[in-house]
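The values are calculated or read from the model by the stated rules, or taken from the named source; none is laboratory data. Quick caveat, the model's predicted, so the values are computed rather than measured. Positions of Cβ are backbone-derived with ideal geometry, glycine not excepted, and every protein chain shown enters the neighbour counts. For accessibility, only protein heavy atoms count, side chains too; no ligands or nucleic acids. Shrake-Rupley method; radii C 1.70, N 1.55, O 1.52, S 1.80 Å.
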Amino acid sequence: MGLDNYRRSVSEAKQASILKAGREIFLRDGFSRASVADIARSADVSTATLYKHFSSKEDLFSAVVRNAAKDLGDYASLLTTETNVEEIFVTVTRAYLTMQFERKSNELMRILIAEASRNPKLVREAAEYMVERRLKSLQAVLETLIERGLLRPHDAALGARLASGMIKELFVWPALFDPDFTIPADADEQIRAAMAVYIARYGVQPHTGRTPD
């Protein structure tokens, strides 16, 4: 390995360590109480080194959010040849909930809500990664379903907000206000009930809410 490659490798390792430590401490202490010195200590780097990689605590937090959100919302990859719209919605929603809960997106969103009045620019930037990107990906899924003739033509951007709004009402908002909230055992049934409303409005065939005999 050449000297330049070695230096780059060391720099990337330090940045990854800072991001990991930053995520842990932001989740533990929140944004305002989190200490840059504590993050540097946990990452086993000096404060000066931390500032070489991230110009401010805000910059580091934004990077933590971007890193957490980089795998969120790639719903197009979930589309297969499945023609049952309800099952497609269940698959996409389950992927959303897995990321929301297992990647601790709920906890990050609590931090953003707490910072909304003190640091609106930080919150707006973070929301772009955590909310808007996923809405755009869901919109793309709806547009594909429309193209396939599985949904009637409609405003997919509005549709993405309507569909995600129902899911958030069922699972995300309760989790934001109750740290002990977990995904319920009957989540699939709740998802299907919510999506039945969407399909009744935009489905190709009217949704009767009845199951086959």
Using amide H atoms built 1.01 Å from N in the peptide plane, name the residues 5+ places from LEU151, or on other chains, whose amide H lies under 5 Å from its own. ILE146
I want to verify the translational diffusion coefficient of the chain in µm²/s; compute it with Stokes-Einstein, Rh as the Kirkwood radius over Cα pairs, at 4 °C and 1.567 mPa s. 67
Would you mind getting me the FRET efficiency between ARG66 and GLU87? Use the beta-carbon distance for r and R0 = 35 Å, nearest 0.05. 0.65
Rounded, prolate or oblate: which one fits segment 4-101, using the alpha carbon gyration tensor with axes a ≥ b ≥ c (rounded when a/c is under 1.5, else prolate when a/b beats b/c, else oblate)? prolate
Listed residues ASP180, ASP186 arranged by accessible area, highest first, probe 1.4 Å: ASP180, ASP186
Give me the percent of accessible area attributable to carbon and sulfur for segment 1-80, probe 1.4 angstrom. 47
Give me the 1.4 Å probe accessible area per residue for the chain, excluding ligands and nucleic acids, in Å². 56
Treating cross-link reach as a plain straight distance, find the lysines whose alpha-carbon is under 22 Å from the alpha-carbon of LYS14, omitting any fewer than eight places away in the same chain. LYS52, LYS57, LYS70
Per residue, the convex hull enclosing the alpha carbons of segment 50-145 has a volume in Å³ of 105
How many angstrom separate the Cα center of segment 149-189 from the Cα center of segment 1-66? 33
How much solvent-accessible surface does LYS104 expose, in Å² to the nearest 10, with a 1.4 Å probe and all protein chains in place? 90
Mean Cα-pair separation over length for the chain, i.e. relative contact order, pairs under 8 Å, 6 or more apart, %: 19
